[in-house]
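The values are calculated or read from the model by the stated rules, or taken from the named source; none is laboratory data. Please read these numbers as outputs of a predicted model, since none were measured by experiment. We place every Cβ from the backbone using ideal geometry, glycine too, and count neighbours over all the protein chains shown. SASA here: full protein model, heavy atoms, side chains in, ligands and nucleic acids out. Shrake-Rupley method; radii C 1.70, N 1.55, O 1.52, S 1.80 Å.
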Amino acid sequence: MSALHHASLGQLSRLLARREVSAEALARLYLDRMAAHGDLNAFLDVRPEVTLAQARAADARIAAGEAGPLTGLPIAHKDIFVTRDFASTAGSRMLAGYMSPFDATVVERLAAAGMVTLGKLNCDEFAMGSSNENSAYGNVLNPWDRQAVPGGSSGGSSAAVAARIAPVATATDTGGSIREPAAFTGVTGVKPTYGRPSRWGMIAFASSLDTAGLITLSAEDAALVLGAMTGFDPRDSTSVQRPPEDYTRELHTPVKGLRVGVPKEFFGTGLQPDVEAAVRAALAQFVALGATLVELSLPNAELGIPVYYVVAPAECSSNLSRFDGVRYGHRAARYADLADMVKKSRTEGLGAEPKRRILVGTYVLSHGYYDAYYLKAQRVRRLIAEDFARAFEHCDLIAGPVTTSVAFDFGDKAADPTAMYLSDLYTIPGSLAGIPSMSIPCGFGAKGRPVGLQLMANHFHEARMLGAAHQYQLATDWHTRVPAGF
Amino acid sequence: MQWELVIGLETHAQLSTVSKIFSGAATAFGASPNTQASVVDLALPGVLPVLNRGAVERAIRFGLAVGATINRRSIFARKNYFYPDLPKGYQISQYEIPVVQGGGLSIRTDAGEKLVRLTRAHLEEDAGKSLHEDFAGMSGIDLNRAGTPLLEIVSEPDLRSAAEAVAYARTLHALVRWIGICDGNMQEGSFRCDANVSVRPLGSTTLGTRCEIKNLNSFRFLEQAICFEAARQIELIEDGGAVIQETRLYDPERDQTRAMRSKEDAQDYRYFPDPDLLPLEIADDWIETVRAALPELPEAMRERFKTEHGLPDQDAAALTASRELADYFTALVAELPGEAKLAANWLMGEVSARLNRADIGIEAAPVPAPALAGLLRRVKDGTLSGKMAKEVFEAMWAGEGEADHIIAARGLQQISDSGELERIIDAVLAANGKSVEEFRAGKDKAFNALVGQAMKATRGKANPAQVNEILKRKLAD
């Protein structure tokens, strides 16, 4: 092991338990790295005194013999999660400096496990975007190539983990916002089953899709943290009542005999040859490990994008109505009356992409259009979910590309929302079905930029998915590659 | 031309839960502004609603009480609009599938009994309150009321007069209090009505264009608003105009309605199912549990009072006007077997009058049922005349104790001892020879004078019937 910041969470956990490194020293290491790589713009709020106080508390727990496996491990949170100790902006000017009186459940659970918060991570405004270019606080740079986007909306999370300035980060995925940035920055990103992690304290974008997850350096790291992060929460009505589970339990299950479904719709026109080559090689690796490939079809998957861009904007148009300048957040300095105050505050406080989606969402929910757009989209959404249900009768996992291409350059798609929306072609179907899925690094494509392999599993089969990913990562070293200079 | 009114009411009943419909904050009225607003009620970033089962249970209670269908699966929807006292920018309500569907309410007016069909009743949350005064050019927002659970009860357009509308509202008001789902406090806004009013030529079967009059928070305003609105529409049509569908406000100061907004500027609320809440599923056994705990309903109790106690319909109806009154009556007759009519007369007469004077409900009366029974026993056994009983009742009301104690302390026993009465009357006859002569000469009035003298001699304690009888006998001698 070259340096602590290249260690796995398991290794760090053992060092902490044996008191070979203190939580405080580990926190200082990462705070220093964050400061040294501030140009990445991954962090929006850093408060070393808060972080160090948490680290010292973790050390006290370890000393008292009251520590768990995560106690003292540093973590950074996507700014979509509200936090008491750090500002929570959702990447929006609307919430500049907003301090929440409570912690999100995900944050609360990880803090209860003893994890130490490094700060809040940049993201696309209200998690709307695929390149992090929609943050009101500037672009996050991709550690592999500063011309390339880090992906979105969890661009701060992916860049921070790729740059090893945070060993693990929370993230959120609505249509691909964990998996796409993970693929673009060569790290592991996991979106669990919808309803498994609580949404309490996640600033809502599209409530029926928003799912908390993790960005890590490996599947093994993700499996270690996911159990502490998820579980039933009575404050979230869509939270699933199931007993907690140990997501590491299948890490050592061999891949032999695993049936890996390969949907032909994920290898159609639009998929760039460099990405296809890396993904096909990864599939071959699974075969080499003893898995069998099952050709299958998800006939309605290609309708995912139109369905998503009806459902998500509809929900967001309503979810973002609370940002009216009345109780908190940005309020215009000058206005004529109450209605004008709301209008001006929103005009000034919200960026172009949220406004675009609010317009689309308002339109599709309007009287006379609701049936043709929203209801029809919901019907097709069910068809897509049924496609997956049928597919999982013939396979244990589904594998394919995460994105059509490697990370694109800043500005390439910013002026063309439709092209940008197509970035989520392969990730949206799984989001609409609410199934767990993840991205793991599987090679490099054009300009030496990373390629991600997407794995998808049936509802609540996270452990099987993480196990297969771990077996792949035992046989390959893509996930250990470090961008130059980090 | 003869016109017919067509009225339907939408009533908002605030449900009597301790906490709000989607948060744990208290619902108590009158707290200082924004002290009963949780992070959920304030719609802070990241909060989510969790349905209060107590509100659902009350909706089920209502549905069962009006013979409606309880939908086993209903949906919460978002009603989207901007208003400063609507924190989320949408209200959580039920739209396409409400929890309660159908049912009916039997009302009584001078014209007789009538069944008013209900369309639906659905659960929703209340908004906060905007305070436009006291802030010098600014508005204050109080979110204590935001998230208070409401049951919106919608009637079919079955009502044909202001009197019927008021009878319906009163019956509904009594029912929601009877089954304990709403405190019915209209001043505090716990029970308020919107009236949809239209007119049509008598005999027509098509509906006229309706206007909705919002937020009528007293039965009197409801009646006045409908009367004004109907007259306005009739005049408009008779003058060759047409009614425009619009929302109107009733101004009690001027006794008129005025336009608030027309259909053209009606908002598009963009209803859609709330993705934060799962469909509301109600299991059969929950419904059965609620049914088992439901009290006897006013209509059933009215019939029982008629058959069990032989009371006339009017008495039975009056005694079941509220659960408190019915409970009081039930406790009273339990102490006075066979004297239901006496008990009913007292409750509807003396007791009601006294309650009205004090402006309190029967539940707050200082004379509880067993104490009143003690008094009525003395009426029944002839100890007290009606007049004396009223005096004792006043003393009991003033807290002087039990009836027997007051009777003894004031020496109020009616003199029914015939020996003693005969002696007194003999003395009266001896002292009033002139009246005796006049009576015997055919002047009937003289008899009354003699009764008066006998009563005076006993300081009003003589049993009047006995005095009459003894006098008649002695004068006939």
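A few remarks follow.
- Some residue of the stretch A:288-297 being without any contact (Cβ under 8 Å) to a residue 24 or more places away in the chain and either out of contact with any strand residue (DSSP E or B) (no Cβ under 6 Å at 6 or more places or on another chain) or crowded, with 24+ Cβ neighbours inside 10 Å (or both): no
- Condition check for A:Y328: surrounded by fewer than 21 Cβ atoms within 10 Å (Cβ to Cβ) and either over 25 Å from A:S88 (Cα atoms) or of a type in the set (G, A, S) (or both): no
- Residue that is surrounded by the most Cβ atoms within 10 Å (Cβ to Cβ) [pool: residues in the stretch B:329-360 that are more than 14 Å from B:G310 (Cβ to Cβ) and among the acidic types (D, E)]: B:E350
- Condition met for A:L298 (of a type outside the set (V, I, T), within 22 Å of the chain's Cα centre (by Cα), more than 14 Å from every other protein chain (Cβ to nearest Cβ) and within 28 Å of A:E265 (Cα to Cα)): no
- Selection count, the stretch A:84-98, where residues are assigned to a loop (DSSP other than H, G, I, E, B), open to solvent by 20 Å² or more (accessible area, probe 1.4 Å) and out of contact with any Phe, Trp or Tyr (no Cβ under 8 Å at 6 or more places or on another chain): 3
- Checking B:L222, B:L207, B:L216 one by one, the residue that is open to solvent by 50 Å² or more (accessible area, probe 1.4 Å) and of a type in the set (A, V, I, L, M, F, W, C) is B:L207 and no other.
- One residue from A:Y308, A:Y363 being open to solvent by 30 Å² or more (accessible area, probe 1.4 Å), in a helix (DSSP H, G or I) and either of a type in the set (F, W, Y) or within 14 Å of another protein chain (Cβ to nearest Cβ) (or both): A:Y363
- Flag for B:L44 being open to solvent by less than 60 Å² (accessible area, probe 1.4 Å), more than 22 Å from B:P298 (Cα to Cα) and more than 29 Å from the chain's Cα centre (by Cα): yes
- Matching residues in the stretch A:412-421 - criterion: being within 16 Å of A:S153 (Cβ to Cβ) and not basic (K, R): A:A414, A:P417, A:M420, A:Y421
- The single residue among A:Y194, A:Y247 that is closer than 15 Å to A:R109 by Cβ and out of contact with any Pro (no Cβ under 7 Å at 6 or more places or on another chain) turns out to be A:Y247.
- Any hit, the stretch B:224-240, residues being more than 32 Å from the chain's Cα centre (by Cα) and either within 26 Å of B:S93 (Cα to Cα) or not in a helix (DSSP H, G or I) (or both): yes
- For the stretch B:152-187, residues that are among the hydrophobic types (A, V, I, L, M, F, W, C) and assigned to a helix (DSSP H, G or I) total 11.
- Scope the stretch A:311-342; condition out of contact with any Gly (no Cβ under 7 Å at 6 or more places or on another chain), facing another protein chain (nearest Cβ under 9 Å) and without any contact (Cβ under 8 Å) to a residue 24 or more places away in the chain; matching residues: A:V326, A:R327, A:L338, A:A339
- Criterion: closer than 30 Å to B:Y271 by Cβ and either more than 14 Å from every other protein chain (Cβ to nearest Cβ) or not hydroxyl-bearing (S, T, Y) (or both) - qualifying residue of A:G400, A:G351: A:G351
- Listed by position, the helices (runs of 4 or more DSSP H) contained in the stretch A:370-486 that have at least 3 residues being of a type in the set (G, A, S) are A:376-391, A:428-433, A:462-475.
- Of the residues making up the stretch B:66-90, those that are open to solvent by less than 20 Å² (accessible area, probe 1.4 Å) and not in a loop (DSSP other than H, G, I, E, B) are B:I70, B:S74, B:F76, B:A77, B:R78, B:N80, B:Y90.
- Residue identified as open to solvent by 30 Å² or more (accessible area, probe 1.4 Å) and more than 28 Å from A:R481 (Cα to Cα) among A:E250, A:E265, A:E276, A:E220: A:E265
- Qualifying residue in the stretch B:437-455 (condition: closer than 24 Å to B:N345 by Cβ and surrounded by 15 or more Cβ atoms within 10 Å (Cβ to Cβ)): yes
- Per-region count, the stretch B:280-293, residues surrounded by 15 or more Cβ atoms within 10 Å (Cβ to Cβ) and out of contact with any strand residue (DSSP E or B) (no Cβ under 7 Å at 6 or more places or on another chain): 2
- B:R58 fulfils the conditions (1) closer than 14 Å to B:T148 by Cα; (2) surrounded by fewer than 21 Cβ atoms within 10 Å (Cβ to Cβ); (3) of a type outside the set (G, A, S); (4) modelled with pLDDT of 95 or more except for a single criterion, (2).
- A single member of A:A53, A:A57, A:A3 is open to solvent by less than 60 Å² (accessible area, probe 1.4 Å) and modelled with pLDDT under 95, and it is A:A3.
- The single condition among (1) within 14 Å of another protein chain (Cβ to nearest Cβ); (2) open to solvent by less than 70 Å² (accessible area, probe 1.4 Å); (3) modelled with pLDDT of 95 or more that B:A266 does not satisfy is (3).
- Which listed residue is in contact with a Gly (Cβ under 7 Å, 6 or more places away or on another chain), open to solvent by 10 Å² or more (accessible area, probe 1.4 Å) and under 25 Å from B:L207 (Cα atoms), from B:E96, B:E164, B:E156, B:E152: B:E156
- Here A:K376 meets each of (1) farther than 19 Å from B:Y83 by Cα; (2) more than 14 Å from chain B (Cβ to nearest Cβ) with one exception, condition (2).
- Residue check for A:E302: in a helix (DSSP H, G or I) and among the charged types (D, E, K, R): yes
- Residue-level analysis places A:R481 outside the set of residues that are of a type in the set (K, R) and within 27 Å of A:F388 (Cα to Cα).
- Looking only at the stretch B:120-143, and only at residues there that are assigned to a loop (DSSP other than H, G, I, E, B) and more than 14 Å from every other protein chain (Cβ to nearest Cβ), the one that is nearest to B:A28 (Cα to Cα): B:D126
- In the stretch B:232-260, the residues that are loosely packed, with under 13 Cβ neighbours inside 10 Å, over 17 Å from B:D194 (Cα atoms) and without any contact (Cβ under 8 Å) to a residue 12 or more places away in the chain: B:E235, B:D239, B:G240, B:G241, B:E253, B:R254
- The residues on offer are B:T320, B:T307, B:T330, and the sole one that is touching a residue at least 12 places away in the same chain (Cβ under 8 Å) and of a type in the set (S, T, Y) is B:T320.
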